[in-house]
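What follows draws every value from the coordinates through simple rules; no lab data is involved. The shown structure was predicted, so the numbers you read here are calculated from the model rather than taken from an experiment. Here the Cβ is made from the backbone with ideal geometry for all residues, glycine too, and neighbour counts use every protein chain on show.
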Amino acid sequence: MRVLVVEDEHKIANSIKKGLEQEMFAVDVAYNGEEGYDLASVEEFDVIVLDRLLPGIDGVDICKRLRERQIHIPVLLLTAKGQINDKVEGLNAGADDYLTKPFAFEELLARIKALTRRPKNTVGLVLSVRDLTLDTLTYEVKRGEKQIVLSSKEFSLLEYLTRHAKRVITRDQIINHVWDYDSNVLPNTVEVYVKLLRNKIDKPFKNKKPLIHTVRGFGYKIG
């Protein structure tokens with residue numbers, strides 16, 4: 001899952017980024033409103049963590065502009081303001097949730113995960129395709145009764161494919177959702193990670209049909 005953090009306090013922004021990366025998210029950070037709005041407008045994210053008070057464009061205006069452009073990425077608004085009117089203003093501008101500073105990282109993480117389950121097709125904490133299951137809380141992956149150990153990036157790729165089961169996902173879509181903007185993604189990076197996944201969830205199960213499929217000229221699908 002890919003998250004955009006827009007926060008002008010560098011210490012807070014970098015702390016959120018570090019914590020989310022430890023939870024296997026790909027994270028981009030913007031330190032002012034203009035940069036945050038530009039990234040949110042042109043890149044694909046699963047959630048935006050957005051500070052309300054920013055230099056340049058503030059968080060409420062960013063929400064309004066994104067919604068006016070029919071960009072419906074879930075937004076979690078952060079603010080030091082706790083008054084009801086401020087919360088209502090943020091939600092009315094298009095924010096999906098609201099968290100008042102100071103906050104515990106565990107609550108931020110729980111709210112982000114809740115937002116990723118809301119859009120389009122609502123899914124539970126455990127994702128499944130045939131006999132493959134992924135627990136998005138414990139990061140446990142099983143095929144049948146056999147547990148499969150994945151790296152953080154392998155898990156992120158498998159989770160993204162599984163959330164879009166039976167749909168063809170292009171290489172660019174995978175890069176945009178599994179890697180952050182500053183990552184050094186080589187031309188064959190996606191192919192390398194798909195092969196690593198196949199070696200773990202398909203090849204050891206020779207008596208079962210493979211789950212990951214290449215759609216020539218288009219991309220990959222699982223199912």
* Structure fact -> Here, Arg69 and Thr133, labelled 7 Å along Cα→Cβ, have an inter-label distance in nm of 4.1
* Using only Cα atoms, tell me the angle between helix 59-68 and the longest principal axis of the chain; keep it within 0 to 90° and round to the nearest 10. => 60
* Report, by chain and number, residues whose modeled amide H sits under 5 Å from the one on Asp180, excluding near sequence neighbours (fewer than 5 apart, same chain). => Val27
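Does region 110-223 classify as rounded, prolate or oblate by the C-alpha gyration tensor (a ≥ b ≥ c root eigenvalues; a/c under 1.5 gives rounded; else a/b over b/c gives prolate, otherwise oblate)?
Values: a/c = 1.43, a/b = 1.01, b/c = 1.41.
The shape class here is rounded.
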* trypsin sites (Lys or Arg not before Pro) within region 118-223: DSSP coil, no more than 16 neighbouring Cβ in 10 Å -> Lys120, Arg130, Lys166, Arg167, Lys206, Lys208, Arg216
* Subset of Lys18/Lys113; Lys64/Lys153; Lys18/Lys166; Lys113/Lys142 violating a 24 Å alpha-carbon distance limit -> Lys64/Lys153; Lys18/Lys166
* Pick from Asp172, Asp97, Asp51: which is most flexible by mean-square fluctuation in a GNM of the chain where alpha carbon atoms under 10 Å apart are linked? -> Asp172
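Give the range of the longest stretch in the chain that excludes all chymotrypsin sites (Phe, Trp or Tyr not before Pro) found in loop regions by DSSP and having at most 13 other beta-carbon atoms within 10 Å. It would help to have the intermediate numbers written out before the result.
On the way: sites that count: Phe103, Phe218.
Maximal segment without exposed cleavage sites: 104-217.
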* What percent does the relative contact order of the chain come to when contacts are Cα pairs within less than 8 Å and at least six residues apart? -> 17
* Compute the long axis of helix 10-22 from its Cα atoms, compare it with the longest principal axis of the Cα atoms of the chain, and write down the angle in degrees, 0 to 90, nearest 10. => 20
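Which of the trypsin sites (Lys or Arg not before Pro) found in region 1-85 are in a DSSP loop and have at most 11 neighbouring Cβ atoms, other than their own, within 10 Å? List each step's numbers first, then the result.
Working: sites: Arg2, Lys11, Lys17, Lys18, Arg52, Lys64, Arg65, Arg67, Arg69, Lys81; in loops: Arg52, Arg69, Lys81.
When the trypsin sites (Lys or Arg not before Pro) of region 1-85 are filtered for loop state and at most 11 Cβ neighbours within 10 Å, Arg69 remain.
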* Asked: Taking a ≥ b ≥ c as the square roots of the eigenvalues of the Cα gyration tensor of region 2-116, is the shape rounded (a/c under 1.5), prolate (a/b larger than b/c) or oblate?
  -> rounded
* **Karplus-derived 3J(HN,Hα), 6.51/-1.76/1.60, for each residue of region 30-43, Hz, glycine and proline x** => 10, 9, 8, x, 4, 5, x, 5, 4, 5, 5, 7, 10, 9
